[in-house]
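Visitor: First, the structure itself, so that you have it in front of you.
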Amino acid sequence: MRSAPITSIRASFKQEHTVMDELIIIGIGNPFRGDDRAGWVAIERLAEQNEKLPLNKTRGDVGELVDKLGSHKKVIIIDACRSEDPAGTWKKIDAIKDQMPSEAPVTSTHGATLSQVIEMAKNLDRMPEELTIFAISGKDYDLDESLTNDVDKAISAVIQEILKDKDVQACMNKA
């Protein structure tokens, strides 16, 4: 059995996904792995602030992320990362303009790094016009449902930064 060439895969993606939603905010994480909950907790707190925000929680499934990237004009991702930085340090990365680190110091705690997911989305022509990643350095990834204090504080700071975004504000103010 022959595999389909990448151009065939690209064409099928384009045919299936022609409608582009404006915005989605994605929290990546594992609710049972300590600081890896950061993305999910951020989404839960954003939902409490405004029910109109287009929010999504995921464990980082590559196919799901590529689909979300390719079906929205603007994507904001919140994810915990392993980093040499102290726990609670966060970075805002413009993943369209800036080079994503392929390995440490910023790497995902999931099956594929965000760099790998983005590279796949680029190869499949499934990139949004805007892609912002908030990477929060974690400390504890053990089986535990609690966050370290530093990561908890960082989530609050990241949420405040997201709420300043003009497109996020427009979503919140829709009638």
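The values are calculated or read from the model by the stated rules, or taken from the named source; none is laboratory data. Quantities reported herein were computed from a predicted structural model and do not represent experimental measurements. Reconstructed Cβ throughout: ideal geometry from the backbone, glycine too, with neighbour counts over all protein chains shown.
Visitor: When residues of segment 82-111 are filtered for being surrounded by 16 or more Cβ atoms within 10 Å (Cβ to Cβ) and either at positive phi or at pLDDT below 80 (or both), how many remain?
Guide: Total meeting the criteria: 8.
Visitor: Suppose we filter K52, K68 for residues that are at pLDDT 95 or above, among the basic types (K, R) and closer than 23 Å to Q169 by Cα; which single one remains? Outline the logic, then answer.
Guide: Working: K52 fails: at pLDDT 95 or above.
After applying the criteria, what remains is K68.
Visitor: Filter segment 123-175 for residues that are in contact with a Leu (Cβ under 8 Å, 6 or more places away or on another chain) and among the β-branched types (V, I, T); which is nearest to L69 (Cα to Cα)?
Guide: I133
Visitor: May I pose another question? Just to verify a result, which residue in segment 120-175, among those that are in a strand (DSSP E or B) and within 18 Å of the chain's Cα centre (by Cα), is farthest from D36 (Cα to Cα)?
Guide: Ranking the qualifying residues of segment 120-175, first place goes to E130.
Visitor: With the condition kept exactly as written, say whether any residue in segment 122-145 is touching a residue at least 24 places away in the same chain (Cβ under 8 Å), out of contact with any strand residue (DSSP E or B) (no Cβ under 8 Å at 6 or more places or on another chain), surrounded by fewer than 18 Cβ atoms within 10 Å (Cβ to Cβ) and hydroxyl-bearing (S, T, Y).
Guide: Within segment 122-145, none of the residues are touching a residue at least 24 places away in the same chain (Cβ under 8 Å), out of contact with any strand residue (DSSP E or B) (no Cβ under 8 Å at 6 or more places or on another chain), surrounded by fewer than 18 Cβ atoms within 10 Å (Cβ to Cβ) and hydroxyl-bearing (S, T, Y).
Visitor: Another one. Would you mention how many residues in segment 58-81 are buried (at least 17 other Cβ atoms within 10 Å of the Cβ) and either aromatic (F, W, Y) or in a strand (DSSP E or B) (or both)?
Guide: Residues meeting the conditions: 10.
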